[in-house]
Amino acid sequence: MSLPTAAAKPAVPRINPLQRIWLREIGMERLWMRPAPAAARPVVVPQAPVSEPVSVPDAMLAVVVQDTAPLPVAPAPAPAAPAASAGAAPVAEIVASKRANGRPGIPASILNRTGPPPRPEPKAAEDDVVEAPRIPVAEAVKNANLDELREQVVACTACGLCDGRRHAVFGQGATPTRWLVVGEAPGEQEDRQGHPFVGRSGQLLDAMLAAVGMSRETDVFITNVIKCRPPGNRNPKPEEIAACSPYLMRQIALLKPERILVLGRFAAQTLLGTDATIGSLRGRVHSLKTDEGAEIPVIVSYHPAYLLRSPSEKARAWQDLKLASRMV
Ligand code: URA
């Protein structure tokens with residue numbers, strides 16, 4: 001299936017959808033970006049509603065165990081910042097002048113922040129080895145291959161989630177891959193075992209994939225937006241999303257999936273840079289433009305943990321899977 005291509009490039013610095021979320025959270029999205037030209041926004045290809053009665057595969061129906069891990073809920077959208085004035089001043093100038101004007105509503109501690117919050121520096125004993133200066137994640141991932149990227153994720157200390165984790169969960173599956181499946185964040189089992197979707201949600205995900213003839217061993221790579229488990233499965237914070245997003249974007253660039261299946265509201269809203277509900281995002285094909293210029297079809301569906309709680313929605317999830325596999 002061929003997707004509409006974007007004709008014009010935005011005349012603004014390139015930021016990816018995850019970075020946009022972070023900018024929105026700190027009230028600076030509109031300072032950074034003038035509205036993107038229509039052609040640069042995510043392309044949405046509406047699909048005709050599936051009219052025939054839906055019969056869900058038995059294997060999907062059979063996985064009904066209630067998942068105990070609460071599903072993280074997407075963060076509430078931050079109030080919109082006032083629009084920037086029309087001049088095309090360089091970004092640094094805009095930020096500086098707004099700081100000087102003391103924009104209301106944004107604490108200086110956030111306004112002046114240019115990345116994830118600083119982590120307390122451990123006090124060095126006199127004969128401690130002096131640490132090399134920390135390289136920002138976005139810089140470090142740039143030339144990493146998949147193995148190097150995995151090592152970076154496993155050793156990552158870019159946000160506070162590293163303090164409580166047993167394992168950072170890089171992802172697992174076929175390389176090269178046909179589909180990239182993106183969930184939210186590791187739960188308790190994933191944190192223990194170091195692999196994505198190994199709990200009850202994972203059993204259902206495997207059954208769903210098998211129903212369209214796919215498996216994580218041969219066709220699919222599974223990962224999450226956030227690589228470390230938020231304590232108690234709480235919602236990831238904007239600075240955690242911002243710190244982790246370069247890993248996902250690099251995974252996409254390296255794996256070059258034919259399509260991306262995004263599971264759940266949090267992952268869909270983060271990857272597509274929107275506040276839209278999952279009900280309005282599913283059932284059609286979106287497109288993710290990568291920094292490398294590729295356009296990857298994105299299909300949104302319900303998170304397996306939600307399906308375990310609401311089995312009647314499995315029929316819709318089955319439609320989403322068929323939509324994704326029709327496009328091969
Ligand atoms: N839920 C997710 O979103 N990801 C996992 O890896 C496990 C549960």
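With 24 Å as the limit on Cα-Cα distance, the pairs of Lys142/Lys289; Lys256/Lys322; Lys289/Lys314; Lys142/Lys256 that go past it are Lys289/Lys314. Remark on Arg259: its backbone amide H falls under 5 Å from those of Leu180, a criterion applied only to residues 5 or more positions apart or on other chains, H modelled at 1.01 Å from N. Ranked by the mean number of other Cβ atoms within 10 Å per residue, highest first, peptides 133-144, 254-265 order as 254-265, 133-144. Sequentially through the stretch 229-241, phi angles give Karplus couplings (6.51, -1.76, 1.60; θ = phi - 60°) of 6, x, x, x, 6, 5, 4, x, 7, x, 6, 6, 4 Hz, Gly and Pro residues having no value and appearing as x.
Counted residue by residue at 0.36 nm each, then reduced by the alpha carbon distance between them, the extension gain from Glu188 to Glu217 reaches 8.2 nm.
Computed from the C-beta positions of Val130 and Lys322, the FRET efficiency with R₀ = 51 Å rounds to 0.35.
How would you classify the stretch 153-270 from its alpha-carbon gyration tensor, with a ≥ b ≥ c the square roots of the eigenvalues: rounded for a/c under 1.5, else prolate if a/b is greater than b/c, otherwise oblate? In terms of gyration-tensor shape, prolate. In terms of packing, defined here as the mean over residues of other Cβ atoms within 10 angstrom, the peptides 213-222, 194-203 line up highest first as 194-203, 213-222.
Please sort 312-324, 241-253, 285-297 by packing, taking for each peptide the average over its residues of neighbouring beta carbons within 10 angstrom, highest first.
Details: 312-324: 18.8, 241-253: 23.6, 285-297: 16.4.
Answer by packing, highest mean first, reads 241-253, 312-324, 285-297.
In order along the stretch 149-162, phi translates into HN-Hα couplings of 5, 4, 4, 5, 5, 4, 9, 5, 10, 6, 9, x, 5, 5 Hz, rounded to whole numbers, per the Karplus curve 6.51 cos²θ - 1.76 cosθ + 1.60 with θ = phi - 60° and x for Gly and Pro. Looking at the square roots a ≥ b ≥ c of the eigenvalues of the Cα gyration tensor of the stretch 221-328, which shape do they give, rounded for a/c under 1.5, prolate if a/b is larger than b/c, or oblate? In terms of gyration-tensor shape, oblate.
Every read-out reported here was derived from the displayed coordinates using simple, explicitly stated rules and does not represent laboratory data. Quick caveat: nothing in here was measured; it's all calculated off a predicted structure. Please note: Cβ atoms are built from the backbone with ideal geometry, for glycine as well, and neighbour counts cover all protein chains shown.
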